[in-house]
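A short worksheet on the structure shown next.
Coordinate-derived values only; no laboratory data. Just so you know, these numbers come straight off a predicted model, no measurement behind them. As a convention, Cβ positions derive from the backbone with ideal geometry for all residues, glycine included, and neighbour counts pool all protein chains shown.
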Amino acid sequence: MTDKKNYLIPTADGTSTLFLEEYDQAMHSDSGAYEESLLKHIYPSGVLDLDADIINVLDVGFGLGYNTLALIHEFKLKKKQSDLNIISLEKERHLIEFMEKIKFNDERDDIYNFIKQVYRSGKGSIENITLEILFGDGRNFLKKMERIKFDAVFQDPFSPSKNPEMWSVEYFACIKNLTAETAILTTYSSADQIRRAMLEAGLIIGSGPSVGRKREGTIASKSGIIEPLNDERISNIMDNPRSEPYRDRGLSMKREEILSERLDRIREGKKAVIR
Ligand SMILES: C[S@@+](CC[C@H](N)C(=O)[O-])C[C@H]1O[C@@H](n2cnc3c(N)ncnc32)[C@H](O)[C@@H]1O
């Protein structure tokens with residue numbers, strides 16, 4: 001059955017993205033969906049330059065699985081000898097209907113078949129690569145994860161105002177606890193409020209690449225492995241009243257509550273300035 005309100009859209013690099021009615025948004029930029037995975041996440045994360053026995057990657061917002069596909073494809077091209085463990089978080093179980101329609105007409109199709117199989121079963125391995133997709137609200141899995149230290153985090157939910165539960169101070173604090181010292185988080189967003197949420201969670205932040213017509217993204221880490229934004233840029237973020245970040249007590253609040261409580265704090269802040 002084809003869902004008319006959710007539909008695939010071609011993008012400039014020949015790959016398709018998916019428009020989801022719930023978010024009133026497409027998953028990728030129209031300049032190139034697959035290209036965005038490479039340029040916004042895989043390359044800037046530096047994860048394939050690591051020389052480690054095991055590389056652990058957290059892929060937040062599996063979507064059509066392009067970040068996972070690009071990671072595995074590049075990993076194979078580099079003939080990496082490490083074990084690669086990918087954990088992907090995804091709320092939806094119905095995306096397979098659209099994944100079935102996607103073809104690359106090159107060696108990526110074999111990898112994508114493996115990924116589709118894992119989307120159905122939840123977990124699978126191919127050579128030295130293990131992929132697990134955790135279905136449900138990703139916050140519930142993050143809260144329960146222990147011991148694992150990710151070497152990279154692909155932060156790729158929908159935009160903050162549509163998907164606030166995945167961009168709060170508490171969310172980034174939780175992610176920080178789950179990352180290795182040298183790990184880099186990559187994201188397409190450069191909104192002041194998400195940068196401030198990362199800063200308040202104790203992360204160091206820097207500029208990520210800009211792709212297509214989009215503004216620069218953000219990279220973050222808990223150590224000095226990335227080049228941080230300079231003091232002036234950090235002050236500009238902190239001084240901007242609109243940078244008030246989302247808060248999510250217990251990582252369990254509803255989207256509407258997260259959004260409306262932030263607006264209340266912004267209004268309160270304005271009153272405090274006027275008085
Ligand atoms: C922009 S798309 C991701 C695109 C994807 N990275 C790719 O490579 O195709 C965002 C995804 O995040 C998922 N998502 C949104 N909120 C979530 C949540 N609370 N927990 C887990 N996944 C979530 C959406 O269902 C959607 O598939």
Let me have the 222 nm mean residue ellipticity of the chain computed from DSSP H runs of 4+ only, each contributing -39500 (n - 2.57), with the sum over all residues rounded to the nearest 500.
-> -9500 deg cm²/dmol
Packing-based order for 54-62, 249-257, 41-49, using average beta carbon neighbours within 10 Å, highest first | 54-62, 41-49, 249-257
Between 247, 147, 195, which gets the highest mean-square fluctuation from a Gaussian network model of the chain, Cα cutoff 10 Å?
-> 147
For residue 246, which sequence-distant residues (separation of 5 or more, or a different chain) have an amide H within less than 5 Å of its own amide H, given hydrogens modelled in the peptide plane?
-> 169
Per principal axis, largest first, the Cα atoms of the chain extend in Å by 63, 46, 37
Could you give the size of the charge dipole of the chain about its Cα centre, using +1 on the Cβ of each K and R and -1 on the Cβ of each D and E, expressed in debye and rounded to the nearest 20?
-> 760 debye
Taking the Cα centre of the chain as the origin and placing charges on Cβ (Lys, Arg +1; Asp, Glu -1), which of 75, 250, 229 is farthest toward the positive end of the dipole?
-> 250
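At 0.36 nm per residue, minus the direct Cα-Cα distance, what do residue 107 and residue 132 gain on full extension? Give it in nm, one decimal, please. Before the final figure, lay out the partial values.
Details: separation 25, 0.36 × 25 = 9.00 nm, distance 2.16 nm.
Contour length minus Cα-Cα distance gives 6.8 nm.
Take the cross-link list 78/144; 91/222; 40/149; 176/254 and give me the ones stretching past 25 Å between alpha-carbons. Could the numbers behind the result be given before it?
Details: 78/144 33 Å; 91/222 27 Å; 40/149 21 Å; 176/254 22 Å.
From 78/144; 91/222; 40/149; 176/254, over 25 Å: 78/144; 91/222.
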Could you state the per residue volume, in Å³, of the convex hull enclosing the Cα atoms of the stretch 204-266?
-> 134 Å³
Could you run the Karplus curve 6.51 cos²θ - 1.76 cosθ + 1.60 with θ = phi - 60° over the stretch 163-170 and give me ³J(HN,Hα) per residue in whole Hz, x for Gly and Pro?
-> 9, x, 5, 9, 9, 7, 4, 5
Rounded to whole Hz, the Karplus (6.51, -1.76, 1.60) HN-Hα couplings of the stretch 132-139, x for glycine and proline = 10, 10, 9, 8, x, 5, x, 4
Shape category assigned to the stretch 59-129 from the gyration tensor of Cα positions, a/c cut at 1.5 = oblate
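Using the structure shown, select from 79/101; 101/143; 76/123; 76/116 the pairs with a Cα to Cα distance greater than 24 angstrom. Intermediate results must be reported in sequence, preceding the final value.
Details: 79/101 29 Å; 101/143 34 Å; 76/123 19 Å; 76/116 18 Å.
Violating the 24 Å limit, Cα to Cα: 79/101; 101/143.
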In sequence order, calculated HN-Hα J values of the stretch 228-236 (Karplus, 6.51, -1.76, 1.60; Hz; x Gly/Pro) = x, 4, 6, 4, 5, 5, 5, 4, 4
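Restricting the count to DSSP beta bridges whose residues both fall in the chain, what percent are antiparallel, rounded to a multiple of 5?
Working: 18 of 41 bridges.
Taking every DSSP beta bridge with both residues in the chain, the antiparallel ones total about 45 percent.
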